[in-house]
Each structure stands twice: as structure tokens, then as C-alpha cells.
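J.: I am attaching a structure below and will ask some questions about it afterwards.
The values are calculated or read from the model by the stated rules, or taken from the named source; none is laboratory data. Since the structure is predicted, the reported quantities are computational estimates derived from the model, not experimental observations. In this analysis, Cβ positions are derived from the backbone assuming ideal geometry, glycine residues included, and neighbour counts consider all displayed protein chains. All accessible areas refer to the heavy atoms of the entire protein, side chains included, with ligands and DNA or RNA removed. Shrake-Rupley method; radii C 1.70, N 1.55, O 1.52, S 1.80 Å.
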Amino acid sequence: MQTAGYHITNQVSQLPAPQSQQPSVEAIRASVAQLLFQARNLPCSKAAQAFTQLLPCISRFQLALDALLPSLDEGNETADRILSCYILYSMYAPHPISINPFATVLHAIFVRETNKALEMERDGSLTENDQFVYVLWKILKGDGRDIGPFSPQHILKHPIPTELRAVVLVKDANTRSWQFNLYAGEDLATEDGSITNLANGLGVSSAELTSRPKITPDEDREMVETSRGTSLLLAARERVLSLSEQRVLKPIFSKLVNPPVVAFQDILPIITKNPSIATPLLISLLTSPSPSSFHVQSMCFDALIRLPPTLNSFDVIGSLLRDKTPMTLGTTGVPTTVGEAIKLETLGYFLHECISWLDTAEIEERQGLVSEDIFAKGVQNLCRFYYSLIKLSILGPAAPDGIDTIEMVHFTLRNSRFEDATALYRILVTGSF
């Protein structure tokens, strides 16, 4: 297995990369076909990781349209179909499957495959697609991560238990409240604005499509808008959004937070690259009336505590502290505002982590591991941020009115060689400015 893993990694490194020019569609399809063939005996999660190396994040959606979707057609190797399904799921993990743009396609295939299994059962034939249907079922009900440790060949070699065969799972699917509908033969707009009929492209029969509920034009527009917003929000982790993209995204935050599109690990890169959208996004998350609001709030508080002492971090925290939007805090539903919640749940921990971060930066500077500007700038920014909180009456000007202030007094005294630290120290110990 180690040899096979090294082989696939070595082969992936030789596949076309977007360094100097974009590879052709033919080259991309050949690369994906090679990847699927070589990864049949590797864990699905390893193959998905290798897929991400083929092109940058912004180009992977089109790569999936050009190369992965065709491999899901009937007649292809079942191992390749299993692997393609998992990669399509993994592209948007750990976000809910309901916002995965490929969810409706996977659902259409699930319907087709279960109908096929039922026909074979009625004819007295042995169903041959139980493993494939099981993989689709796990992904569609939100448990796709359970497939990751297993290889497609491993899944195919092991018989499916009676209670998990396709003819049984179709009954479960009929009673389960799926979080999405088929696009019932309608044209679906892709990220780059091109139009593709995903359902027909996969060979879904007209009988299957007409048997499913159609969506109205208003629902279709809303789904396209939400899909576009989801793509932009996920792209905000990787690059700075243009002003036009920000104008598209900001009005629909309320649609992207219930359930939340972003996870804990997404918040830091969004703040780093796009602080102007981070503040309204966090306000929407904190004030969302979703049933899991307590967990969403905890996710936001934990992410904010771990921000480094940069200008973007201070801008976002400062904006949140000044925000007066009403919200309910915790499981008890205590009424408060966003600013008060951030002050209570985040500010003290955030200041402590900033000081710890700068202490580490000072040690690394002495060891010659980082530029001295990092530490000096960090001290200057933190002191100015704290001073602005005093001027806004968010924090008191004199010690000892809390542990946070005492810690800041100690920090400014230790760094009194910097002018901003000395000025803040005088304010903290005298209470006047």
C-alpha cells in the first residue's frame, strides 16, 4: 500500500499544473482518468487530496464538470464512479451536503440506480450496484466522511449487509426529508456563467425527471443566487474578492448562515483576505435564528480568539464591539447585542492571545527567525487598538479594573522602549489621557 501511495503521489506531481499556461480540456480529462485508475486501491480521501493538486481551487469546479461528471455515466468502472462521487462530495466538505452544487446530480443518480435495483429484484436477478448505491446514500445523508478511509476496491470486494442493500435504502430515501430537489430537467447555471443540463448529461430518463417535483422560477433564481453566494464565500478563503463580488455577496449573508456555509477553519482566512465582508458575515452568524445557533456562536467566538494581532484582526474585532445588532446569547437565550457578546465572550481572550503571540514573535526575533518589524509593528498595533477601545469607553482607562487591564499594564511596561507602549502605560496607571 505504501508503494501504491508513493506511486500515485509521484504520478500526480507529473500531471499538468497551472504554472505557465492552462492545460487543455483533453489533458485535464486524461489526468483525471489516470488519477481514477491509479487510485482504485487507495483510500478515497487520499485520492481526493491528489485531485486538489491538479488545478488551483478556483478552477476545480470546472474541472469537475469537464472530467468527473462524465465518469459517473453508466458503463464506466464502478470503482471510478465511487471515487468520482466521493471527490465531488469532498470538494465542499465539511459544509452541509445540501449546499453542495453537485448534490442534485448525485441524487438523480441515486434515484436511477435504486430504480434499476428494484427492477432487477422484481426480475429475480442479482443486483450488482448495491455498493455504489450505498456510497451515494452515505454521501446524500451527510455521512460522506465515513467513506474516506476505504478504497473503492475494498468497498466493492465486501458484500453489503441485507439491511443496507439498494432495495432497502430506496425505502429509507423515500421517507427521509432530503434537503434538496432534482433540477427536473431545468438548465443549471455554472460558476462561469455557462449553461449545462446536468441531469440530462448523466442520462437521467424523462420518466424519472417528470416523477420528481419541479421547482418554480422563483425557487430556481433563489437557488442559483445561493449557489453563487456559496461559491463566492468559499472563494473568499483563497483570494481577495472584487468590489462587484462583494456587492453580490453581502445582501445574501442571511441565506448562507442557516445552515452556515462556513466552518471554524474558514473564518480566519476570510478575515485575513476579506475583512470588509468578514464583519457582516460574523454578525449574520451570531444573530442567526437557526436551531444550532449556540454552536454557531461558539464557533465564531473560538475563531475570533485565535486571530493574530494584525490590522485586519483589529478592524474586525473593533467593528463587532461597536455593533448594536440585537441577539440572544447561549442556550439560555439571554438578550444582548453583538458588541456586548463580543466584549463578554471574546475580547479578554483575544487580548491575551495577542500578547502571547507577540511574546513568541519577540523570542523568534531574537533567534533571527523572523523580521524585527513583525514584533515592533504588532506592539504598536495592539497598543493603538487598546487605546481606541478606551476612547470608545469599551474598556476603562485605569488599572486595576480587570485582569485584562492588569495584563496590558504588564505588557506595556515590558515594552516601554516603544513609544506607543509608553503612552498607553501612562494612561492605564493614571487614568487620564
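J.: Once you have a ≥ b ≥ c as the square roots of the Cα gyration tensor eigenvalues for the stretch 42-91, tell me rounded if a/c is under 1.5, and otherwise prolate or oblate according to whether a/b is larger than b/c.
T.: Oblate, since a/c reaches 1.5 and b/c is not below a/b.
J.: Same structure, new question: From largest accessible area down, sort Lys391, Lys116; use a 1.4 Å probe on the protein chains.
T.: So the residues, ranked largest to smallest area, are Lys391, Lys116.
J.: Sticking with this one: Run the 1.4 Å probe and let me know the accessible area of Leu54, rounded to the nearest 10 Å².
T.: Counting only protein heavy atoms, Leu54 exposes about 10 Å² to solvent.
J.: Lys141: which lysines have alpha carbons under 30 Å from its alpha carbon, excluding same-chain residues fewer than 8 sequence positions away?
T.: The qualifying lysines are Lys46, Lys116, Lys157, Lys171, Lys214, Lys250, Lys255.
J.: For Lys324 and Ser371 in the same chain, what is the full-extension length gain: residue separation times 0.36 nm, less their Cα-Cα distance, in nm?
T.: Roughly 13.0 nm would be gained on extension.
J.: Also: Which of the peptides 143-151, 158-166 is most tightly packed, and how do the rest follow, judged by the mean count of other Cβ atoms within 10 Å per residue? Don't skip to the answer; put the middle values down first.
T.: Values: 143-151: 17.0, 158-166: 14.0.
Those peptides, ordered most packed to least, come out 143-151, 158-166.
J.: Apply the Karplus curve 6.51 cos²θ - 1.76 cosθ + 1.60, θ = phi - 60°, to the phi angles in the stretch 153-163 and return the couplings in whole Hz, x for Gly and Pro.
T.: Working through the residues one at a time gives 5, 4, 4, 6, 7, 9, x, 7, x, 3, 6 Hz.
J.: Under a Cβ-Cβ cut-off of 13 Å, what is the net charge of the residues other than Leu329 that fall near it, where Lys and Arg count +1 and Asp and Glu count -1? Could you put the intermediate results ahead of the total?
T.: Values: positive: Lys343; negative: Glu340, Glu345.
Net charge in that neighbourhood comes out at -1.
J.: Would you calculate the separation in nanometres between label points at Glu407 and Asp73, each defined as 7 Å from the Cα along the Cα-to-beta-carbon direction?
T.: That separation, rounded to one decimal, is 6.0 nm.
J.: Once amide H atoms are placed 1.01 Å from N in the peptide plane, what residues at a sequence separation of 5 or more from Met327, or on another chain, have their amide H within under 5 Å of its amide H?
T.: Distant-sequence amide H within range of Met327: Thr336, Thr337, Val338.
J.: Using θ = phi - 60° and the Karplus curve 6.51 cos²θ - 1.76 cosθ + 1.60, what whole-Hz ³J(HN,Hα) does each residue of the stretch 59-69 get, with Gly and Pro shown as x?
T.: Result, rounded to whole Hz: 9, 6, 4, 5, 4, 5, 5, 6, 10, 7, 4.
J.: Could you list which residues have their amide H under 5 Å from that of Met91, counting only those 5 or more apart in sequence or on another chain, with H placed in the peptide plane?
T.: Amide H neighbours of Met91, under 5 Å, 5+ apart: none.
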